[in-house]
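Trainee: One structure coming up, written as structure tokens, with questions to follow.
The values are calculated or read from the model by the stated rules, or taken from the named source; none is laboratory data. On a predicted model such as this, the values are computed, not experimentally measured, just so you know. Virtual Cβ from ideal backbone geometry, glycine too; neighbours counted across all protein chains shown. SASA here: full protein model, heavy atoms, side chains in, ligands and nucleic acids out. Shrake-Rupley method; radii C 1.70, N 1.55, O 1.52, S 1.80 Å.
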Amino acid sequence: MALKITVIGTGYLGATHAAAMAELGFEVLGLDVVPEKIEKLRRGEVPMYEPGLEELLHKHVAGIEGSSGRLRFTMDWAEAGEFGDIHFVCVNTPQRHGEYACDMSYVDSAIASLAPHLKGPALVVGKSTVPVGSADRLAAYLAEHAPAGADVELAWNPEFLREGFAVEDTLHPDRLVVGVRGERAEKLLREVYATPVAEGSPFVVTDFATAELVKTSANSFLATKISFINAMAEVCEAADGDVAKLAEAIGYDDRIGKKFLRAGIGFGGGCLPKDIRAFMARAGELGADQALTFLREIDSINMRQRGRMVELTRQELGGGAFLGKRVAVLGATFKPDSDDVRDSPALNVAGQIHLQGGQVTVYDPKGMDNARSLFPTLGYADSALEAVRGADVVLHLTEWREFRELDAQALGEAAAQRLILDGRNALDPEVWRKAGWRYRGMGRPTA
Ligand code: UDX
């Protein structure tokens, strides 16, 4: 009989995972404790912008015309406990307020709510990003509190999906990592992921600690790559070099690689910043803090880029105060193809200039609602053209395709001054210069 799967937590990770499991042919029950989320999902609506996810939900959510009916949603823990052979825990682990460490309360409460309802054999699979050692602790908790006792196993299966590519990354992962203690857990997970494995996704079996560490070390490596190139951008600024050319040239060495070497205002979002901080905090608890002190530098290089963008803007506007200056900001989300503004470098820069007296008007293709609720005092416009109207400077802060395709001539006619600063080094300087703009990238003073 086909495996039955529950997915606990229906945010970016969980909603995508649930839909993907249904797509792979399993019967799936998604659980969340927020009623509005469940109501939306039952109608096939996605609580965030994620390309392809709404279509996948419509294909599988029970009650939607023409769907497979394999995907349902509930708020009832007893129903979930009864239903699943496998329970995926996909709740988030945000940064703890005022601390570097991550907040494990959602994971802990999910396990505590599920445990009493595990009355028969089941596999609980953690996907959330957690401090190393958590799986060990949670396995002990389950052994003590699940009525089925030793018939309930735990596994850790970190998730590497990128926002904007969540569906693709979940259905066609570049690798699957499973931390297990027993053969039964491994066998069940091989069954769950049989399709992607048959298509070539490597399946790496580890112990609990290694599986947990794979996730935090992968994100630390990615953060390090970005901060490395941003550090080079700072040197290029000082030495009249061009960081984009530099990145291209070092990237041809395939030990280095071209990816994740885009210099600019740095990384943000719900993962990289908080994950490297939680990793440092955990290493400290383990007495291995020295090993990760470099991440402190990675974090500060990253945060510095936001300030550098503000200073570059000030300098290009003549060096004085922002008071009375009109600043158009293109982009609010932390990256394109997402509506996520969590720890967004773009909004941070917009906010800093606004707080220093600049008149900031923001436009973003998908992030307007989230940006408005996080930063209600900024100005917002309904299009790039409206944001740019009357502006003394235009800041390009999130590299949406829409911005690369803008009509530089038409924008030039709307702006008070043709000055564009590219915080993502993603626009074509030639296009803008031809239309009479002064173009300035980050780490490319001469480009
Ligand atoms: C990241 C990891 O990539 C993913 O594997 C993990 O599961 C979750 O965290 P995500 O947060 O969706 O995914 O974004 P990602 O594409 O990694 O970008 C993170 C940030 O880095 C963005 O703000 C992006 O603009 C920035 N970035 C990325 C750069 O500044 N330069 C680059 O070269 C690449």
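Trainee: Just to check I understand the Karplus step: with θ = phi - 60° and J = 6.51 cos²θ - 1.76 cosθ + 1.60, what whole-Hz values come out for region 65-73, glycine and proline as x?
Mentor: 4, x, 7, 6, x, 7, 10, 10, 10
Trainee: Now for a different question. Using only the alpha-carbon atoms of the chain, report the extent along each of the three principal axes, biggest first, to the nearest angstrom.
Mentor: Computed over the chain, the largest-to-smallest principal extents equal 70, 53, 41 Å.
Trainee: Additional query: Go through H58, A143, P173 and say which Cα lies farthest out towards the positive end of the charge dipole of the chain; charges sit on Cβ, +1 for Lys and Arg, -1 for Asp and Glu.
Mentor: P173
Trainee: Find how much the distance from A218 to L374 grows on full extension, using 0.36 nm per residue of separation minus their present alpha carbon separation; answer in nm with one decimal.
Mentor: That works out to 53.3 nm of additional length.
Trainee: If R₀ is 30 angstrom, what is the calculated FRET efficiency for the pair V431 and E168, using the beta carbon separation as r and rounding to 0.05?
Mentor: Once the sixth-power term is evaluated, E becomes 0.50.
Trainee: Same structure again: Using the alpha-carbon atoms, what tilt in degrees (0 to 90, nearest 10) does helix 134-145 show relative to the longest principal axis of the chain?
Mentor: It is inclined by approximately 30 degrees.
Trainee: Once you keep just the Cα pairs under 8 angstrom separated by 6 or more residues, what percentage relative contact order results for region 192-323?
Mentor: With pairs under 8 Å counted, the relative contact order is 25 percent.
Trainee: Using the basic label-point model (7 angstrom from Cα toward the beta carbon), what is the Q356 to A112 distance in nanometres?
Mentor: 4.5
Trainee: As a test of the formula, what do you get for the chain when each DSSP H run with n ≥ 4 contributes -39,500 (n - 2.57) and the sum is divided by the residue count, at 222 nm and rounded to the nearest 500 deg cm²/dmol?
Mentor: Computed mean residue ellipticity for the chain: -13000 deg cm²/dmol.
Trainee: Something else: If the elastic network links every pair of Cα atoms under 10 Å, which of T293, T313, T210 fluctuates the most in the Gaussian network model of the chain?
Mentor: T293
Trainee: While we're here: Using 0.36 nm times the number of residues separating R404 and A447, minus their current alpha carbon distance, what extension gain do you get?
Mentor: 13.7 nm
Trainee: Let me ask you something else. PRE reach from R137 (point 7 Å along Cα→Cβ): which of region 88-112 fall under 19 Å by backbone N?
Mentor: Output list for this probe position: 89-112.
Trainee: Tell me, what is the per residue accessible area of the chain in Å², probe radius 1.4 Å?
Mentor: 43
Trainee: Next up: Please state, as a whole number in µm²/s, the translational diffusion coefficient that the Stokes-Einstein equation yields for region 207-447 at 25 °C and 0.890 mPa s, with Rh defined as the Kirkwood radius across alpha carbon pairs.
Mentor: Value of D from the Cα-based Kirkwood radius: 132 µm²/s.
Trainee: With a 1.4 Å probe and every protein chain left in place, tell me how much accessible area M442 has, in Å² to the nearest 10.
Mentor: The accessible area of M442 comes to roughly 10 Å².
Trainee: Can I ask one more? Which residue, G266, G324, G120, has the most motion in a Gaussian network model of the chain that connects Cα atoms within less than 10 Å?
Mentor: Among G266, G324, G120, the largest mean-square fluctuation in the Gaussian network model of the chain belongs to G324.
Trainee: Taking the Cα atoms only, what angle lies between the long axis of helix 345-355 and the longest principal axis of the chain, rounded to 10 degrees?
Mentor: 50
Trainee: Rounded to the nearest 0.05, what FRET efficiency is calculated for S201 and V235 with R0 set to 22 Å and r the Cβ-Cβ distance?
Mentor: The formula returns an efficiency of 0.05 here.
Trainee: Follow-up. Taking R0 as 51 Å, what FRET efficiency do you get between E386 and R43 from their Cβ-Cβ distance, rounded to the nearest 0.05?
Mentor: 0.95
Trainee: Determine the share of the chain's accessible area contributed by carbon and sulfur atoms, expressed in whole percent, with a 1.4 angstrom probe.
Mentor: 52
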